[in-house]
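Comments concern the structure below.
None of the figures in this text is laboratory data; all of them are computed from the coordinates on show. What you are looking at is a predicted structure, and each value in this text was computed from that prediction instead of being measured. For neighbour counting, all protein chains shown are included, and Cβ atoms are generated from backbone atoms with ideal geometry for every residue, glycine included.
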Amino acid sequence: AIADKRVVLRNKEPVDIWEIDVPSLLNKVRYQACTDMIAKKIDETSGYIAKCIINLAVATKNGLSPDQQFFTVKQIMDSLEENFDSVSLDETTLWKYLELMCTDYQVPMVSKSLHQSTFAMNTNTVLRVVRKKCVESVISEMLGSEALRIFRMLQQFKFMEEEQITTAALIDSQEVRQILYKMKEYDFVQIQEIPRGTDYAPIKTFYLWHVDIGMTYESVK
């Protein structure tokens, strides 16, 4: 439940007060984002499987996150049959889906236990990908595809000089400078000064652009 009811006294009369359970609401949004991403990446059935694993974890009410709770194929199959009767799967096909979700080279969506017979949902891993895609969407919409290209490049190479970015991105140097400083205004990228001498003279200093992903996430909240 994402809302709780409690009774308070007003003028000595009991009154029902409803309150939003914010942590539960946020978790619901996060878990929905996970299942949506998985369904989009693989197919709708995989999204239902992910939702079943998450629902099983939430239903245990033991305080552990879904990432820490493992379930058997039979438990997942029973949950599918109970909650999504439109999904027609046998255990062999379910195994294949789970193996695919475990071994995806970009996003390992599911973890397999050491004894290989139970599975857990990697919600934190999936949410990191969802968050990154959200940030990239914001950058692209606000500043264009060239800014997104530079952002991805800086994430890949960590620290780059402006000249290196210009060469690698195949964008005019003046445009690169404008994009970088515009991105810096929004904390999408940061700049670090590296002095070559002890006098810190600007002519002896070079500047490295990089992405501080924590600051980037904060900037798009």
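When you go through (1) more than 30 Å from Asp187 (Cα to Cα); (2) among the polar types (S, T, N, Q); (3) in a helix (DSSP H, G or I) one by one for Ser86, which number turns out not to apply?
Result: Ser86 passes all but (3).
Based on this model, can you work out whether Arg152 counts as in a helix (DSSP H, G or I), within 20 Å of the chain's Cα centre (by Cα) and touching a residue at least 12 places away in the same chain (Cβ under 8 Å)?
On the way: in a helix (DSSP H, G or I): yes; within 20 Å of the chain's Cα centre (by Cα): yes; touching a residue at least 12 places away in the same chain (Cβ under 8 Å): yes.
Spelling it out, Arg152 is indeed in a helix (DSSP H, G or I), within 20 Å of the chain's Cα centre (by Cα) and touching a residue at least 12 places away in the same chain (Cβ under 8 Å).
Can you confirm whether Leu114 is of a type outside the set (D, E, K, R) and within 14 Å of Thr72 (Cα to Cα)? Please lay out each step first, then the result.
On the way: of a type outside the set (D, E, K, R): yes; within 14 Å of Thr72 (Cα to Cα): yes.
Yes, satisfied.
I need every pair where a residue in the range 172-187 that is touching a residue at least 12 places away in the same chain (Cβ under 8 Å) has its Cβ under 8 Å from the Cβ of a residue that is in a helix (DSSP H, G or I) and exposed (fewer than 13 other Cβ atoms within 10 Å of the Cβ), sequence separation at least 6 or different chains.
Qualifying pairs under 8 Å: Asp187/Glu218.
Each row is one residue, and each column tells you yes or no for (1) in a helix (DSSP H, G or I); (2) of a type in the set (D, E, K, R); (3) buried (at least 19 other Cβ atoms within 10 Å of the Cβ); (4) touching a Cys at 6+ places or on another chain (Cβ under 8 Å).
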residue: Val29; (1), (2), (3), (4): yes, no, no, no
residue: Met37; (1), (2), (3), (4): yes, no, yes, no
residue: Lys40; (1), (2), (3), (4): yes, yes, no, no
residue: Ile49; (1), (2), (3), (4): yes, no, yes, no
residue: Cys52; (1), (2), (3), (4): yes, no, yes, no
residue: Gly63; (1), (2), (3), (4): no, no, no, no
residue: Gln75; (1), (2), (3), (4): yes, no, no, no
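Check whether at least one residue in the range 175-191 is in a helix (DSSP H, G or I), farther than 30 Å from Thr35 by Cβ, over 21 Å from the mean Cα position of the chain (by Cα) and of a type in the set (Phe, Trp, Tyr), and report yes or no.
Yes, some residue in the range 175-191 is in a helix (DSSP H, G or I), farther than 30 Å from Thr35 by Cβ, over 21 Å from the mean Cα position of the chain (by Cα) and of a type in the set (Phe, Trp, Tyr).
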